[in-house]
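So the structure is just underneath, and the comments pick up after that.
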Amino acid sequence: MKRRIALGLLHSGSGSYALLSQASLIGARAAIAAVNADAAMPVHFTPVQRDPGGNADAYGPLCEEILRDSPARHVVGCVTSLSRKEVIPSLEKLGGTLWYPLPYEGFEASDRVVYTHACPNQHLLPLLDWALPAHGRRVYLTGSNYIWGWEINRLARMTIVQAGGAVLGERYLPIGAQDVERMIDEIRATCPDFVLNSLVGASSYAFLRAYHALGLTDPRFTPERCPMLSCNLTECELAPLGEAAEGLIAAGPYFRGSSGWPGAAEFGSSHEAASYAAVTELARLLAYHGAGSEDWPLAHLLAGAGGPIDPGTHHTRLPVIIAQVRDGAFKVIQHRGDVLGDPFLSRNLTTAALPLRVVS
């Protein structure tokens, strides 16, 4: 007889980053179906779903609603780092755990969060390590005006300066804003060697379309001469971009058809893969520890069970892959093997010791 366990799902079906959230939900639901259909797995998940509608202020109350009004102690979801931080107080108050399946900026290791996607030592730093010698050290930075954009660009600036390079410009847009003309004008004026794009959702799509149009009229801004780089854009966002995605270079733990991801399943994107992994790993842990373990603190759940998640930081060992969009699909440029998530860059002390830079 399977143990029936409620599992929270917190994903937005609308809003400026809905494609990312929907991809994550697809992965979570596929994993729930696989776990429930596996006769050898003693766990059966019953989803408890809430939709914040892309409103960052709704994530905390809806997470609290899941934990308060249902038996669920585990929640899979959130997209932005702002939404993740909004739910942590609810998790702490009501004894819940968030399984967070999106790339993020690091410098966090909450007792209430498991991070199943990449952090900077698994995306940004390998990407820059590859790009600086390959393309040059004069870089333009963009980002959405919240913690992801700020922190990714802070680390990028430090890394570029340490490598003897220069940041030629750094601009931010509110989440969802699409007024990208000033960024494009500055890129045209400064002519960097590459652009690091840390915009999210609709802002990123508008920027990539405008940059593609610039490259069609000025050969200095083609993918060969001045490529666009990203740590968070995946296959789930290629459709609305069309030709504007051609040549884009990204880092992540999974691209469609790439090797190294645990298990044999094929996924539409790394967001889908990381959500699927979150649900299946949770099921494995609950099966390993037996009845009642769904109410255990995260530290107890991870203790002694093995697997890819570090019990100390709750970050995951993942493949590190750099890929480029060619003919509408990501093609692997470099595969660096598996790397354990290191949120505080403890194995990169020079970068970690540099001071914070305040961005207003």
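The values are calculated or read from the model by the stated rules, or taken from the named source; none is laboratory data. Small disclaimer: the values here were computed from a predicted structure and weren't measured. When we count neighbours, we look across all protein chains shown, and the Cβ atoms used for this are built from the backbone with ideal geometry, even at glycine. Surface areas here come from the heavy atoms of the whole protein model, side chains and all, with no ligands, DNA or RNA. Shrake-Rupley method; radii C 1.70, N 1.55, O 1.52, S 1.80 Å.
Can you work out which of the residues in segment 1-40 that are basic (Lys, Arg) and touching a residue at least 40 places away in the same chain (Cβ under 8 Å) is surrounded by the fewest Cβ atoms within 10 Å (Cβ to Cβ)?
Kept after step one, since they are basic (Lys, Arg), are these residues of segment 1-40: 2-4, 29.
If we keep only those that are touching a residue at least 40 places away in the same chain (Cβ under 8 Å) as well, we get 2-4.
Details: Lys2: 14, Arg3: 16, Arg4: 11.
Filtering first and then ranking leaves Arg4.
Just checking, which of Ala189, Ala250 is at pLDDT 95 or above and open to solvent by less than 20 Å² (accessible area, probe 1.4 Å)?
The unique qualifying residue is Ala250.
Condition check ((1) touching a residue at least 24 places away in the same chain (Cβ under 8 Å); (2) over 18 Å from the mean Cα position of the chain (by Cα); (3) open to solvent by 60 Å² or more (accessible area, probe 1.4 Å)) across all residues:
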{"residue": "Pro42", "(1), (2), (3)": "yes, yes, no"}
{"residue": "Val48", "(1), (2), (3)": "yes, yes, no"}
{"residue": "Ala56", "(1), (2), (3)": "yes, no, no"}
{"residue": "Tyr59", "(1), (2), (3)": "yes, no, no"}
{"residue": "Ile66", "(1), (2), (3)": "yes, yes, no"}
{"residue": "Asp69", "(1), (2), (3)": "no, yes, yes"}
{"residue": "Leu82", "(1), (2), (3)": "yes, no, yes"}
{"residue": "Val87", "(1), (2), (3)": "yes, no, no"}
{"residue": "Leu102", "(1), (2), (3)": "yes, no, no"}
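Here is a yes/no grid of residues against (1) open to solvent by 40 Å² or more (accessible area, probe 1.4 Å); (2) in contact with a helix residue (DSSP H, G or I) (Cβ under 6 Å, 6 or more places away or on another chain); (3) among the polar types (S, T, N, Q); (4) not assigned by TED's automatic domain parsing to the domain that holds Asp129:
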residue: Pro311; (1), (2), (3), (4): yes, yes, no, yes
residue: Val325; (1), (2), (3), (4): no, yes, no, no
residue: Lys331; (1), (2), (3), (4): yes, no, no, no
residue: Asp338; (1), (2), (3), (4): yes, no, no, no
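Say whether the condition of being open to solvent by 20 Å² or more (accessible area, probe 1.4 Å) and in a strand (DSSP E or B) is met by at least one residue in segment 142-152.
No, segment 142-152 contains no residue that is open to solvent by 20 Å² or more (accessible area, probe 1.4 Å) and in a strand (DSSP E or B).
When only residues in segment 239-272 that are in contact with a strand residue (DSSP E or B) (Cβ under 9 Å, 6 or more places away or on another chain) and among the aromatic types (Phe, Trp, Tyr) count, which is farthest from His11 (Cα to Cα)?
My answer is Trp261.
Go through segment 183-229 and report how many residues are closer than 21 Å to Pro103 by Cβ and out of contact with any helix residue (DSSP H, G or I) (no Cβ under 8 Å at 6 or more places or on another chain).
Here the count works out to 3.
Residues are listed down the side, and each one gets a yes or a no for (1) out of contact with any strand residue (DSSP E or B) (no Cβ under 6 Å at 6 or more places or on another chain); (2) not assigned by TED's automatic domain parsing to the domain that holds Ala283; (3) not aliphatic (A, V, I, L, M):
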residue: Gly95; (1), (2), (3): yes, no, yes
residue: Val114; (1), (2), (3): no, no, no
residue: Asp129; (1), (2), (3): yes, yes, yes
residue: Ala134; (1), (2), (3): yes, yes, no
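Pick from segment 1-18 the residues that are assigned to a strand (DSSP E or B) and not β-branched (Val, Ile, Thr): which of them is nearest to Ala58 (Cα to Cα)? Give the steps one after another, and end with the answer.
Step one: of segment 1-18, the residues assigned to a strand (DSSP E or B) are 3-10.
If we keep only those that are not β-branched (Val, Ile, Thr) too, we end up with 3-4, 6-10.
On the way: Arg3: 31, Arg4: 28, Ala6: 21, Leu7: 19, Gly8: 15, Leu9: 14, Leu10: 10 Å.
So the residue we want is Leu10.
From the list Glu266, Glu243, Glu294, pick out the single residue that is outside any loop (DSSP other than H, G, I, E, B), assigned by TED's automatic domain parsing to the domain that holds Arg73 and acidic (Asp, Glu).
On the way: Glu266 fails: outside any loop (DSSP other than H, G, I, E, B); Glu243 fails: assigned by TED's automatic domain parsing to the domain that holds Arg73.
None of the other options fit; the residue is Glu294.
Could you tell me whether segment 342-350 includes any residue that is open to solvent by 40 Å² or more (accessible area, probe 1.4 Å), polar (S, T, N, Q) and under 21 Å from the mean Cα position of the chain (by Cα)?
Going residue by residue through segment 342-350, those that are open to solvent by 40 Å² or more (accessible area, probe 1.4 Å) are 344, 346-350.
Subset that is polar (S, T, N, Q): 346, 348, 350.
Remaining after also requiring under 21 Å from the mean Cα position of the chain (by Cα): 346, 348.
Scanning segment 342-350, I find at least one residue that is open to solvent by 40 Å² or more (accessible area, probe 1.4 Å), polar (S, T, N, Q) and under 21 Å from the mean Cα position of the chain (by Cα), so the answer is yes.
So in segment 201-240, with the set limited to residues that are among the aromatic types (Phe, Trp, Tyr) and either part of a loop (DSSP other than H, G, I, E, B) or free of Cβ contacts under 8 Å to residues at least 60 places away in the same chain (or both), which one is surrounded by the most Cβ atoms within 10 Å (Cβ to Cβ)? Walk me through how you get there before you give the answer.
Residues of segment 201-240 among the aromatic types (Phe, Trp, Tyr): 205, 207, 211, 221.
Pick out the ones that are also either part of a loop (DSSP other than H, G, I, E, B) or free of Cβ contacts under 8 Å to residues at least 60 places away in the same chain (or both) and you get 205, 211, 221.
Details: Tyr205: 21, Tyr211: 24, Phe221: 22.
Top of the filtered list is Tyr211.
Across segment 303-360, what is the total count of residues that are more than 23 Å from Gly260 (Cα to Cα), touching a Phe, Trp or Tyr at 6+ places or on another chain (Cβ under 7 Å) and at pLDDT 90 or above?
1
Out of segment 109-134, which residues are aliphatic (A, V, I, L, M) and under 17 Å from Gly337 (Cβ atoms)?
Filtering segment 109-134 for residues aliphatic (A, V, I, L, M) gives 109, 113-114, 118, 124-125, 127-128, 131-132, 134.
Hits for segment 109-134 are Ala118, Leu125, Leu127.
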